[in-house]
Each structure stands twice: as C-alpha cells, then as structure tokens.
Amino acid sequence: MAPRTLFDKIWDHHVVETLPDGTSILYIDRHLLHEVTSPQAFEGLRLAGRKLRHPEMTMAVVDHNVPTSDRTKPIEEPESRNQIETLERNVKEFGVPYFPLLSASQGIVHVVGPEQGISLPGMTIVCGDSHTSTHGAMGSLAFGIGTSEVEHVMATQTILQRPAKNMRVTVEGELAPGVSAKDVMLAIIGHIGTAGGTGHVIEFAGSAIRGLDMAGRMTICNMSIEAGARAGLVAPDDTTFDYVRNRPFAPKGEDFENAVTFWRTLATDDGAHFDKEVSLRAEDIAPSLTWGTSPETVLPITGTVPDPAQEPDESKRVQMQRMLDYMGLEAGQKIAGTPVDVVFIGSCTNSRIEDLRAAAQVAAGRKVADGVRAMIVPGSGLVKMQAEEEGLDQIFLDAGFEWREAGCSMCLGMNPDKLTPGQRCASTSNRNFEGRQGPGGRTHLLSPAMAAAAAVTGCLTDSRELV
Amino acid sequence: MEKFTTLSAVAAALPEDNIDTDKIIPARFLKTTQRTGLGKYAFDSMRYRPDGSENPDFILNKAPWRNAEILVTYDNLGCGSSREHAPWALLDFGIRCVIAPSFADIFFNNCFKNGILPIKLPREVCDQLMSDSTMGSNARLTIDLPRQVVIRPDGEEVPFEIDPFRKHMLLEGLDDIGQTLQHETEIKSFEHKVAGERPWMPTITLD
C-alpha cells in the first residue's frame, strides 16, 4: 500500500461506502451536542419520525448560552433558558448522555470531550461547532458541521463527505521562553492566512509540536478553522496515551493496551504525500497578538500596527483601513502599551488547567490595573475544581480577577458576558471579528500569559517582562 | 427543501473578503430553536445603526437590492462559525444564490442543505457581476443550474462547476438523510466489521 498520512488512515478506517460520484459515506464515532445548534436537528428527527441511531456514541452538554455567574439561581434570559430546557427535554426523549448545568463535569464541549476520554485517537468526531477541530489534538479527525448535518449524523451515524486535501505545517526547533502554543498558532495563521487551509486537513508536525502538552496541542488544533482548514490534527504519541489513560470513558486495562497498539499505527508513513507543506522555525516565534478584525492580522508584541498605504491591492487597503478605524488604532503605532478595558481568559482555545497556570504565574502577587475588568472562565467544572485545589483561584481573586463558572462566555457573547461598544479586550479566545464579543467590541487575540499581563498593567504588554 | 432550477433576480454586491458568519448573523440571534424567522437579523451590524434604525447606505436597504436574491462577494465567504443560522438568515431574507471566488468549507456545505446555490467564480468574473449588479433591476442575473451557467444582462454566459451529486439534490429538492438511509445494509455491515476489528472501542453510558 502507498504511504498514507494520518488523515488518510483515519479516513480509510471510516469509509462505509464511496458513491459513484466520489462522495463517501463516512462513519462517525462521536457526536457531540450543545444547546445552540441541536434544537432544529432534534425537531427534524421528530417531524420525520426518525430515531437517534446511536445515543451511546453521542454526548450533550450546555455551554454556549449558560451564565458564568451563580448557577443556583434561575437563568434570567428567557431565550437562553428556553434553549437549555429544550436540550434537556431532547436528551431525555432521545436517551443521549448529558452533563447538566449543575454537574462538575459540565463545561465547554471541546474541553469536556477530551477531559472525559470521550474523544479518543483515531476517531471521527463531529459537533455542530466549528471549533470541533480541537479534538484533532487527540490524533482524531474532528470537524464542525451545520445543523442539517447534525440531524444527518443523529439519524445515520454517518456524514457525506469528499476527502479533504492533506496539508502539513511543520514547526521545528525549540520555542523561546515565554512563547506558548497560542503564539505558535497565531504565527501560523498570520503566515498562511484565514483561507490558507481551505479544503485541507492540517497535520501539525515537527519537534516544537511534539514537545507541546495536550492542552497546547488542543489550542493549536482549535484554531485550525481560523486558518480555513476543515480540521487539524497531531499524530498520537506517548503524550497522548498518557493523557488518555484512566479518563472516565477511555478504554481500560487490556482494552487500553490493545487500543494503544492500534493508535500507534496511525502516524503518517514516511514518504506520504501532502498537497501543501509549510514550515516555521520555532525560534522565530515571539509572543503574538492580533491587531485587526481577522485572525490573520497577527503581530509580535514587539511590533507596530501596519500601514494600509503600504498595501498595493485597493480592496485590501480599504479593508485594512476599516479594521484600523474599527479597532481605534493608528498605522505605525507600537501595539504594546495600548490600553485595554477588559481581559477575558477562557474559551475552548485557552481555558484548560495549563492555561490558568500560565495566567496565574503572571498574576501572582500583582493587582489588576485600575479600570480594567478581568475575568477567568474555566473550561469545565473539573478544570475549576483542579485550579481551586492548586490555589489558583486565590491568586486570581487576590489580584482582583473575577473567578467564574465554566462556559463559552465572552468568546461569543451569547450569555450576559459581553463587551460594550468601543471596549478593548485582551482575549484568549479564537475570533476577533467585528462585534464577536459584543457589538462594537474590539478584540485582541493572545495567550493566557499575555492576557494576564494586560490585566495587571492595563495595556497590551510583553508577558516576558513580568515572569 | 425547495428545489433550485433557474433563478432570474436582482443581485447585490458586497465587495469584501472574509465576510464571516458572525457578520451574516451575530451570535446573540442564535437563541432560537427554529430554522425560520432569522432574515430580519441578516447582516445586522451593517444593516442597522446602533439605535436600531436602518442604515440607508447599506446596499440591502436600498431599492432594488432590498429584493436581491443573489449576493456577490469576494474571497472566503462564510468563514468562521459553523452556524447554519447563516444560510437560514440569508434564505429567510430571500437569498437563493451566493457567488464568490472562494468559500469557507462549512458554510459552502450548509448552503446546499438549504436550497441555496453557492457558485465559485474567479475574482475578475465576480468584479464583472458586481458591476452588472450596480444597474439594479435593469440588470437581473440569471442562474441556470441545469445548464450550469450564469447569464449576464448582456446575454454572456459564464459557466460554473458543481458537484453532480449536489446538483441532483438541489434540482430535486432532496434531503440527504433519506438518501443515506438507502445504504442501511452497508452501514450495518460496517458497524459489524468495526465491532470485530476494534472491540475495545468504548461506548458512552452514564449512570
């Protein structure tokens, strides 16, 4: 057999049938549901009198809409409450395993899946959410789907797909001190652009990627979609297997050993073909952030805001100027030192225990600057508990951060956690689109350490100066 | 799903790259449990001023583009979130066809599931169609799906590519699920094979 990539192998393991026109019926091992993109799909099943084929391969959790304040009180927003109650009725009716709001296991679906051992290497994993690519860090093929496809998976446990092209992004070398997975991914997106991965599945490879822990790999794969890729993945290795071992829904004992034997066969073969290859040197990557309203507008924290006058293409020049106007920035200004109003540490990109530790390291013994609102929103109830065991909550509370309950929160402003017009936010989330965190809000994407540095200095700051 | 065969309609130009799904419909409008009724929120931040009144400068607030059924944009249309609320909002607004040099993958897929035809055409051709669209109702574009051509107001025909399976589904207004369920035997035998090959594969059961 010709050498195959990791993606090729997972694909081949899941093709039920390839139709004459080249579309494949692809089997799905894990279907993750949340309250926002599932109600219309459940309704579709009901209207057609169809069953949910495999509830035991499905998992549901509430995350997008949930308040991150006191959970013992009723949810104030009637529409949010309705969506959550609708999910609760649906999981009951269709028998879907569900982590309810008041469970310690509740959290952001892309944090919960790996944490519970529900997402495993070699699997196909889908969810009605573009950041499903996160689970690719396990060495699985994981991608976001629309609600019609959610209904299709519910009814058939399959999806109709054509194979993606293979792309490999290699980061060789050693990351400089103070440079995190988030900086690596921002650098990659800045390099290839928001459409750089369109039509492709990106395998992240190289010594710098292998050297990352699972949280870092998840951060990288999470933002594959910001590079336009259908999915991102990392070959499963001992780091992966050590992470998976003993997770609640992972295979146990002899089953686990057999699983690992299989998972070890998944890595890309020598000589496998990639349609597109990109390489970055780890040493060249600095703590980074975005200046504009597209995730590809990346700068090192030591950089200056670009000048539209230097852009030869007219429509791009107009767009750059519009971004500067929206963001309230001047061409040529140093990005460091720009004052911020809000700091958000959370989201499926950066809300794991490792992220909170990195933020706490910067926050320890310091105070949130006057006039800055700084929020920590852990990715799951279990992350929150772990952080409290380690005393991180006290570090944050002493510094003046808000210590909140798990959910998507200000990443997309569906719950009450929103920016007001003109507010500038240092955010560990994944999208800086206009209005993403609230109408008129200005988002700078950056790492947890950089976000914490912005909180304590009151402006965009090189976190390396504080550790 | 409504069939798509031919469409002769006003086209509106949004000459921007990277029109993301947050721009097509912001997250705060995703709290519905229905597929319909989202048209009033389409392009909310561009269409309305902060006080809620219509922005008279926005193309879809001007006659005749208020009745546009075709949108023409630049690259990477529909990037960002997987929310199918984006095509639902477009459809509810009245859009049946979107034309761009490139699309984000999930949005592209989601369009087909809702009877919206996404057409990829080179940037120069999109420029020409945008220029046609400035003539408004005097210059309707015609989309002929069976023949796979966009017909410009001057009669010039621009061919486009489409996956034959998706073309068939659009022309017939078919739902994928029914089609896939015809392969029940193959799905069952696949499940049987996997159970034999990977018996360690766990299931998710809660107490």
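Every read-out reported here was derived from the displayed coordinates using simple, explicitly stated rules and does not represent laboratory data. Everything numeric in this text was worked out from a predicted model, so none of it was measured. Here the Cβ is made from the backbone with ideal geometry for all residues, glycine too, and neighbour counts use every protein chain on show.
Taken one residue at a time, the phi angles of segment A:61-76 give Karplus couplings (6.51, -1.76, 1.60, θ = phi - 60°) of 8, 9, 8, 5, 9, 6, x, 9, 9, 3, 8, 7, 8, x, 6, 6 Hz. Gly and Pro are set to x. Here segment A:288-461 is treated with +1 on each Lys and Arg Cβ and -1 on each Asp and Glu Cβ, and its dipole about the Cα centre works out to around 140 debye. Whole percent per 10 Å bin, from 0 to the bin with the longest distance: what is P(r) over all C-alpha pairs of segment B:5-122? Binned Cα distances yield the sequence 15, 50, 32, 3, 0.
Between B:Leu171 and A:Thr72, the distance separating the two model label sites (each 7 Å from Cα on the Cα→Cβ line) works out to 6.4 nm. Each Cα pair under 8 Å and six or more residues apart adds its separation to the average, and for segment A:1-286 the resulting relative contact order is 24 percent.
Say a paramagnetic label sat at a point 7 Å from the Cα of A:Glu254, along Cα to Cβ; which residues of segment B:163-207 have their backbone N under 20 Å from it? Inside the label zone: B:194-203. Starting from the Cα of A:Leu102, move 7 Å in the Cα-to-Cβ direction to define the label point; list residues of segment A:60-92 whose amide nitrogen is under 16 Å from there. Inside the label zone: A:62, A:67, A:69-76, A:85, A:88-89. Under the criterion of Cα pairs below 8 Å and six or more residues apart, the relative contact order for chain B equals 25 percent.
State, as an integer percentage, the relative contact order of segment A:176-277 based on alpha-carbon contacts under 8 Å between residues 6 or more apart. Intermediate values should be presented prior to the final figure.
On the way: 94 pairs, mean separation 26.4, N = 102.
Rounded, it is 26 percent for segment A:176-277.
Could you list the residues of segment B:113-154 with an amide nitrogen less than 18 Å from a label point located 7 Å from the Cα of B:Thr6 in the Cα-to-C-beta direction? Zone members listed by number: B:117, B:139-154.
Give the cross-link partners of A:Lys276 among the aspartates and glutamates, using a straight C-alpha distance below 16 Å as the criterion and excluding same-chain residues fewer than 8 apart. Straight-distance partners of A:Lys276: A:Asp8, A:Glu203.
Helices in the protein assembly as shown, meaning DSSP H runs of at least 4 residues, each add -39500 (n - 2.57). Divided by all residues, the mean residue ellipticity at 222 nm is -9000 deg cm²/dmol. Put in line by how crowded their Cβ is, counting other Cβ atoms within 10 Å and starting with the fewest, A:Cys425, A:Cys221, B:Cys111 read A:Cys425, B:Cys111, A:Cys221.
What percent antiparallel are the DSSP beta bridges of chain B, to the nearest 5?
Of all bridge pairs located within chain B, approximately 45 percent are antiparallel.
Distance between the C-alpha centers of segment A:143-201 and segment B:150-168? Whole Å please. Rounded to whole Å, the Cα centres lie 30 Å apart. Each part reduced to its alpha carbon centroid, segment A:393-467 and segment B:44-89 end up 28 Å apart.
The count of lysine pairs in segment B:6-176 whose Cα atoms are under 26 Å apart, excluding pairs fewer than 8 places apart on the same chain, comes to 12. Pairwise inverse Cα distances across segment A:1-286, averaged and inverted, put the Kirkwood hydrodynamic radius at 19.6 Å.
Set against the 2.2 N^0.38 Å expectation for a compact globular protein, the protein assembly as shown has a Cα radius of gyration ratio of 0.91.
Can you tell me which of A:190-199, A:268-277 comes out highest on packing, and rank the rest after it, using the mean Cβ neighbours within 10 Å?
Ranked by mean Cβ neighbours within 10 Å, highest first: A:190-199, A:268-277.
Per residue of peptide A:433-440, the mean number of Cβ atoms on other chains within 10 Å of the residue Cβ is 6.
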